[in-house]
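Undergrad: Before I ask anything, let me first share the structure, which is written out below as structure tokens.
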Amino acid sequence: MSVATKTDKIQRLAELAATKETSTGASLWREAFRRLKRSKMAIIGAVVIALFVVLAIVGPYVAPYSPTAQTWRNEVFPNRGEFVGARGENWFGLDHLGRDLFSRMLVGARQTLLVGVVATLIGLIIGFVIGGLAGAFATLGGDTGRRVDSVIMRFIDIMLAMPSLLLAVSIAAVMGQSLTTVMIAVGVVQIPVFARLLRGSMLAQGSADYVLAAKSLGVRKRRIVLSQIVPNSLSPVIVQATLSLATAIIEAAALSYLGLGNPDPAIPEWGVMLTQAQRFFDNAPMMAVYPAVGIIITALGFTLLGEAMREALDPKLRG
Amino acid sequence: MSLLTVDELTVTFGGRGRKESRAVDGVSFEVDQGQVVGLVGESGCGKSVTSLALMGLLPAKGLTIGGRADFDGTNLFTMSASARRDLRGSEMAMIFQDPLSSLNPVVPVGVQVTEILERHRGMKGEAARKEAADLLDRVGIPDPTRRLKEYPHQLSGGMRQRALIAMAVACAPRMLIADEPTTALDVTIQAQILELLKELVDQEGTALLMITHDLGVVAGLCDQVNVLYAGKVVESAGRRELFGHPTHPYAHGLLGSIPRLDAPRGEPLNPIRGSINDRIAWADGCAFAPRCDRYEMGCLTGTPQLTEPRAAGHQVRCVNPVLDDAKAEEVPA
Amino acid sequence: MSLLELDGVKVHFPIKKGLLFDRTVGHVYAVDGISLKVEAGQTYGLVGESGCGKTTLGRSVLRLVDITEGSVVLDGTDLAKLPGEEMRRFRRRLQMVFQDPLGSLNPRQNIESILSEGMVAHGIGKDQEERREKIKSILDKVGLPSNALSRYPHEFSGGQRQRIGIARALVLEPDVIICDEPVSALDVSVQAQVINLLEELQEELGLTYVVIAHDLAVVRHISDTIGVMYLGSLVEEAPSDALYAEPKHPYTKALMSAVPVPDPEVEDQRERILLIGDLPSPANPPSGCRFHTRCPWAQAERCSTERPELRDVGGGHRVACHYAEEIAAGTLARTTGEVVPATREGVEDAPVSEELAAATVPEQAGPPEQESTKAEKAETAEKAEKAEKAEAVVEAAEQAEKAASAETPDEAAEQPEPEAAEAPEPEAEQPEKADKAV
């Protein structure tokens, strides 16, 4: 066979093979992000969240009125049908004290986001440390480690055994009525969730072959935990954190609704607004609808993104 | 006429936004009563998808099936869903690779067997239970009445596969499809299960479609063997003919790359280079060409066709097949 | 002196249960007294079915599981007694190749990171630059392109992943590499590539292998010496060719007869010894000879009470059977089990075009003749069947008796299992699926 035909053959084959996608050295995180970008659910969720964040940042600056200014105080008669409003100047109308609802919604977004993020961060960070320690002890600590893990997890079980709202109410009752209390209360409730999730994920990864391989290479235990087990255990925790932002906002609203939220009328917050609206529900239902819809849409945004992330990060759906 | 005639079966997944992939690309074969036909190939060759398509067990989403599969003269793919369900289990039955995940873990084995008897044979209560015990006994499960009350996790792997076979043959099906029935089992257990399948075919005249990657299993069991590669049959022949004169470079290479128990030690293996990922589209030429030692420019001009049947129904899809003289050169007998 | 010597190695896993404090309720006797020697530059093959403890034995050599009793001596050092940190450093000399090529590679590390992990742990190479050079040369040795460095495990095919696994072991320049089912997760056509690679590397680098596999054909191809394991102990050990030529232990005989050969001409001549029943639970192994519950040649008294030692029967052939010589000489009759032909009774080639068939395949009889042979065959088969049936009745009775007597320990063995599921189950080996179906 002549050399020319041989090269021809190889070239033709290469041409045909080139239609296949070539791998590029993309890490799993990057691949997950690529999948996320293709998901409609993720896009919708991300857009909602982005709007919410923008609102939280610029809200106070673009609000047409001060959230505490009581315009037309004289025209507001709580006991005589609807509150006046919607005259073009007040898009959402006024509340029972004659404050512009639209402005209060705008300004309140920041508080609501703050509660959700801070509460979730509290739960995430503390839960991560506890769960990470338990997981590390359980996977690599031998018999002693398993005992340490047992003790930690029993403690977590006790926390988990208490009804979350009750726990939050107790914390709020002890610490007094403030926004910080709400954040801590909602955050503490999340601790066992994150701790259990990370530990469980680490245990599953701990028995994986690549951990065994790292052990047989002689890699130190601390490095095995930090570079092998933890990075592979993160996905469910990230998903949970996103979903938790939604529940944290709702729980914060629930606490506010129970009257444990921020008592300062100067700082509007959607949960508190909802609480205040209940007294006037017959006369002015829209006063409750605005903050409720706000909370629902935001929570939905986080949930959508969280679910999309769960799918994108699922190794079974890889490809 | 054969019991099952599969003609130009194609199975395509995807579509609607996702990239289409054709798992089975024009597969044809026939299975007769009392005959064992093998579909052999590596993962991704489309053998399992073929079996699932025949049983109607593929998820409907994004699925396109082309071609026909005539079972006893009726096309399976145009049959109504309920007629298909009636056929499945009574006339056609399937045995899967993983017996544990194919059995319902929370239902005793006995209930799972009697369920089939009740559904397809209209048996009731005590009669069904007695028949179920008989079935377990027939597939070689000792103490069947006790085993009936047990849950799948209480049985060993071999026992579970036997139970699964008992369920498959509960209605004396004329056609049995076995998808890697022994892959998850140990060789000594594999021998037991193969023996059981042999008995079924020889004594009951059941037609058996055997799907496997193990050429050794095929050598002792199948009458007719179809070798699949990338969704197409690349070689088809009677077992003696196929193993004696493998003509497609893939089949030939596969046989040369398997370490054999009876081969003298130290004889090097001749592996096929690359992997199943190194392939080109059938439309452009032979999918095996990138891994083939014998490929020519001719291999890259359009889809190669199956040749007309030679001896023992020997057909091959190759423009530059390994002929006997070439074989004698490469693998001295 | 041998490079690697195992003496009386036992690995027993406690079965624990309890609400707050775990209580040991029994043991899984995964490895129960194994002694063997591996010579430098050679390959020792360990073969056995799932649950026989071969994987656990392999891991115990690297101390990935705790050794309950016995010693593992590598080049004069008893690994079983080494304290943690020293053992960690010693692991450089003993490396492992795993069954599941994807599962044994961290999906979030790229190839460079995976391969330098071991070097960093043992302080090999001054900086990443030096390590990268070394990695490149190893990648070249195992047949991977150097642009693989920045890629991730999921971007490779099964065979390539296994090459990465081998490269990971090689960068540490170990004395012994333990290959746990190195090819069983790969496609048939790719298995040969990896087997050849292992052999080439051995020749080039003078490596010593312990190859653990369930596939007797693979083990026979690659090994100098083969040890056959059953339920935690070695039942037979011999040079590869001797073991194939004359298996002496009944279990080895059955195992070997059960391995199908991809050649109809050979299969038609072969017979299979069918064992009865399944592997007993390693948590409750049978008394005496571990194999006596399934052994076709089991004798009434001795086999069920006295545990046979591994003894030399000449030519480096060691076997743990009281009656190895008698069975070999044919003076001992089979008591149970069944010997069946390897091929299906009714199997035949189906000639589609008769004329062509007659013309091109001379050894095949013409169609009319074939018909008559078929009829004849059926007749003889019928007669044979009748005779067999009579035999079968007797046999069945025997079997039933056997099954009944075997049941009581069986049941006891099954009871603790559900609870034991909570404890780690190292005795349950990875399901050995050679082919992951689509």
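Undergrad: Assuming 0.890 mPa s and 25 °C, estimate D for the stretch B:180-246 with Stokes-Einstein, Rh taken as the Kirkwood radius over Cα pairs, in µm²/s.
TA: Translational diffusion coefficient: 191 µm²/s.
Undergrad: Could you give the alpha-carbon Rg of the stretch C:30-116 over 2.2 N^0.38 Å, rounded to two decimals?
TA: In units of the globular-protein estimate, the stretch C:30-116 measures up at 1.22.
Undergrad: Can you tell me what the convex hull of the Cα atoms of the stretch B:33-74 projects to on average, as an area in nm²?
TA: The number I arrive at for the stretch B:33-74 is 4.0 nm².
Undergrad: Still on this structure, please answer the following. Cα atoms only, the stretch C:275-332: Rg and Dmax in Å?
TA: Rg then Dmax for the stretch C:275-332, in Å: 12.1, 35.
Undergrad: On C-alpha positions alone, give me the angle between the axis of helix B:125-138 and the longest principal axis of chain B, in degrees, nearest 10.
TA: The helix B:125-138 is inclined about 40 degrees to chain B.
Undergrad: Next up: If a/c stays under 1.5 just call it rounded; otherwise compare a/b with b/c (prolate if a/b is bigger, oblate if not). Do that for the stretch B:45-127, with a ≥ b ≥ c from the square roots of the Cα gyration tensor eigenvalues.
TA: Taking the square roots of the gyration eigenvalues as a ≥ b ≥ c, the stretch B:45-127 is oblate.
Undergrad: Could I ask something else about it? Based on the alpha-carbon set only, what is the convex hull volume of the stretch A:173-319 divided per residue, in Å³?
TA: Normalising the Cα hull of the stretch A:173-319 by residue number yields 137 Å³.
Undergrad: Within 10 Å, count the other beta carbons around each residue, average over each peptide in A:202-213, A:274-285, B:211-222, and list them highest first.
TA: B:211-222, A:202-213, A:274-285
Undergrad: Could you run the Karplus curve 6.51 cos²θ - 1.76 cosθ + 1.60 with θ = phi - 60° over the stretch A:39-52 and give me ³J(HN,Hα) per residue in whole Hz, x for Gly and Pro?
TA: So the J values, rounded to whole Hz, are 8, 4, 4, 5, 5, 4, x, 5, 5, 4, 5, 4, 4, 4.
Undergrad: Next up: Whole number please: convex hull volume per residue of the Cα set in the stretch B:226-284, in Å³?
TA: 101 Å³
Undergrad: Only counting other Cβ atoms within 10 Å, I'd like C:LEU274, A:LEU101 sorted with the fewest neighbours first.
TA: C:LEU274, A:LEU101
Undergrad: Can you divide the C-alpha Rg of the stretch A:104-241 by 2.2 N^0.38 Å and report the result to two decimal places?
TA: Ratio of Cα Rg to 2.2 N^0.38 Å: 1.23.
Undergrad: Also: Using modelled backbone amide H atoms (1.01 Å from N, in-plane), which distant-in-sequence or interchain residues come within less than 5 Å of C:ARG272's amide H?
TA: Residues meeting the criterion, in which the H sits 1.01 Å from N, are C:VAL340, C:ALA342.
Undergrad: Shifting gears a bit: Using just the C-alpha positions of the stretch C:89-143 as equal point scatterers, what log10 of I(q)/I(0) does the Debye formula give at each q in 0.22, 0.28 1/Å?
TA: Per q value, in the given order, log10 I(q)/I(0) is -1.03, -1.32.
Undergrad: Just the Kirkwood number for the stretch C:209-317, please: inverse of mean 1/r across all distinct Cα pairs, in Å, one decimal.
TA: The answer is 15.1 Å.
Undergrad: Here's something else I'd like to know. Starting from the eigenvalues of the Cα gyration tensor, five times each then square-rooted, give me the equivalent ellipsoid semi-axes of the stretch B:263-323, largest first, whole Å.
TA: 24, 19, 9
Undergrad: Then there is this: Could you work out the local net charge near B:THR5, counting Lys and Arg as +1, Asp and Glu as -1, over the other residues with Cβ closer than 10 Å to its Cβ?
TA: That sum, taken over residues with Cβ under 10 Å, equals -4.
Undergrad: Another question about this same structure. Is the C-alpha gyration tensor of the stretch C:49-207 telling us rounded, prolate or oblate? Criteria: a/c under 1.5 is rounded; beyond that, a/b larger than b/c is prolate, otherwise oblate.
TA: Oblate is the answer for the stretch C:49-207, as a/c is 1.5 or above yet b/c matches or exceeds a/b.
Undergrad: Based solely on its DSSP helices, what 222 nm [θ] is calculated for chain B when runs of n ≥ 4 H residues each add -39,500 (n - 2.57) and the sum is averaged over all residues, nearest 500 deg cm²/dmol?
TA: -10000 deg cm²/dmol
Undergrad: Now for a different question. Counting only residues 5 or more places away or on other chains, whose amide H sits under 5 Å from the amide H of C:HIS27 once H atoms are built in the peptide plane?
TA: Distant-sequence amide H within range of C:HIS27: C:ILE15.
Undergrad: What order do you get for B:TYR250, C:TYR152 when you list them from fewest to most C-beta neighbours inside 10 Å?
TA: Lowest to highest Cβ neighbour count: C:TYR152, B:TYR250.
Undergrad: Next up: Once you sort the root eigenvalues of the Cα gyration tensor of the stretch B:99-204 as a ≥ b ≥ c, which label holds: rounded (a/c under 1.5), prolate (a/b larger than b/c) or oblate (the other case)?
TA: oblate
Undergrad: Still on this structure, I have one more. Hey, could you pull the Cα Rg and Dmax for the stretch C:167-236, both in Å?
TA: Expressed in Å, the Cα Rg and Dmax of the stretch C:167-236 come to 12.7, 36.
Undergrad: Within 10 Å of each candidate Cβ there may be at most 11 other Cβ atoms; applying that plus a DSSP loop requirement, which trypsin sites (Lys or Arg not before Pro) in the stretch B:1-64 survive?
TA: Here the sparse-neighbourhood loop sites are B:ARG16, B:LYS61.
Undergrad: Moving to a separate point now. Evaluate the Kirkwood expression for the hydrodynamic radius of chain B, namely the inverse of the mean inverse distance over all pairs of different C-alpha atoms, and round to one decimal in Å.
TA: 21.1 Å
Undergrad: Shifting gears a bit: Can you give me the three principal axis dimensions of the stretch C:232-285 from its C-alpha atoms, in Å, biggest first?
TA: Sorted largest first, the three principal extents are 42, 27, 15 Å.
Undergrad: What angle do you read, to the nearest 10 degrees and between 0 and 90, between the alpha-carbon axis of helix B:187-204 and the longest principal axis of chain B?
TA: 80 degrees
All of the numbers you see were taken from the coordinates with simple rules; none came from a lab. What you are looking at is a predicted structure, and each value in this text was computed from that prediction instead of being measured. Every residue, glycine as well, gets a Cβ built from its backbone with ideal geometry; the counts of neighbours run over all protein chains shown.
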